[in-house]
Amino acid sequence: LPDLLTHFAVVFALTSPFLGIRRGLVAGVVALLPDLDVLFRVHRSATHSVIVLLVFALPAAYLAHRGGVGLRFLAFAVASLLSHPILDVFQGYTPILYPFL
Ligand SMILES: [Zn+2]
């Protein structure tokens, strides 16, 4: 649980000055998404790969932009998502370049 709080707090602290409180909260929640792999009783799986995250995040961001979401917020959201595996690297093995490494 402190791990989740760290992911949320770091992203919220870094994005809310630029995005405002509400969007900063959303960015903080986005940063937690890679840990949804615990629902499948694994942790630090492919959801912690920058490559896998980009494969899902870029099309999702494209669709969100077509739906009217601003590019600035989407850039912060994608960066928030990618911050998760980058922070996890400092705590232990993280397959950040899966499936290549
Ligand atoms: Zn994680």
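Where a number appears in this text, it was derived from the coordinates with a stated rule and is not lab data. Please read these numbers as outputs of a predicted model, since none were measured by experiment. Positions of Cβ are backbone-derived with ideal geometry, glycine not excepted, and every protein chain shown enters the neighbour counts.
Which of the residues spanning the range 15-38 are touching a residue at least 60 places away in the same chain (Cβ under 8 Å) and either of a type in the set (A, V, I, L, M) or loosely packed, with under 15 Cβ neighbours inside 10 Å (or both)?
Residues satisfying the conditions do not exist here.
Before we move on, is Val69 without any contact (Cβ under 8 Å) to a residue 12 or more places away in the chain, within 22 Å of Arg23 (Cβ to Cβ) and aliphatic (A, V, I, L, M)?
Numbers: without any contact (Cβ under 8 Å) to a residue 12 or more places away in the chain: yes; within 22 Å of Arg23 (Cβ to Cβ): yes; aliphatic (A, V, I, L, M): yes.
So Val69 fits the description; yes.
For the range 1-87, which fully contained helices (runs of 4 or more DSSP H) count at least 1 residues that are out of contact with any Leu (no Cβ under 7 Å at 6 or more places or on another chain) and under 17 Å from Leu97 (Cβ atoms)? Give the derivation first.
Values: elements: 2-19, 21-30, 50-66.
In the range 1-87, 50-66 are the helices (runs of 4 or more DSSP H) which contain 1 or more residues that are out of contact with any Leu (no Cβ under 7 Å at 6 or more places or on another chain) and under 17 Å from Leu97 (Cβ atoms).
Select from the range 1-16 the residues that are over 13 Å from the mean Cα position of the chain (by Cα) and within 16 Å of the ligand (Cβ to nearest atom) and list them in ascending order.
Passing the criteria: Leu1, Pro2, Asp3, Leu5.
Please tell me if Leu19 is more than 14 Å from the ligand (Cβ to nearest atom) and under 13 Å from the mean Cα position of the chain (by Cα). Working first, answer last.
On the way: more than 14 Å from the ligand (Cβ to nearest atom): yes; under 13 Å from the mean Cα position of the chain (by Cα): no.
No; evaluated as a whole, the condition is false for this residue.
Which ones in the range 27-36 are more than 8 Å from the ligand (Cβ to nearest atom) and of a type outside the set (Gly, Ala, Ser)?
Within the range 27-36, the subset more than 8 Å from the ligand (Cβ to nearest atom) is 27-33, 36.
Those that are more than 8 Å from the ligand (Cβ to nearest atom) and of a type outside the set (Gly, Ala, Ser): Val29, Val30, Leu32, Leu33, Leu36.
So which residues in the range 87-101 are under 12 Å from Ala46 (Cβ atoms) and either in contact with a His (Cβ under 9 Å, 6 or more places away or on another chain) or of a type in the set (Ser, Thr, Tyr) (or both), if there are any at all?
Thr94, Pro95, Ile96, Tyr98
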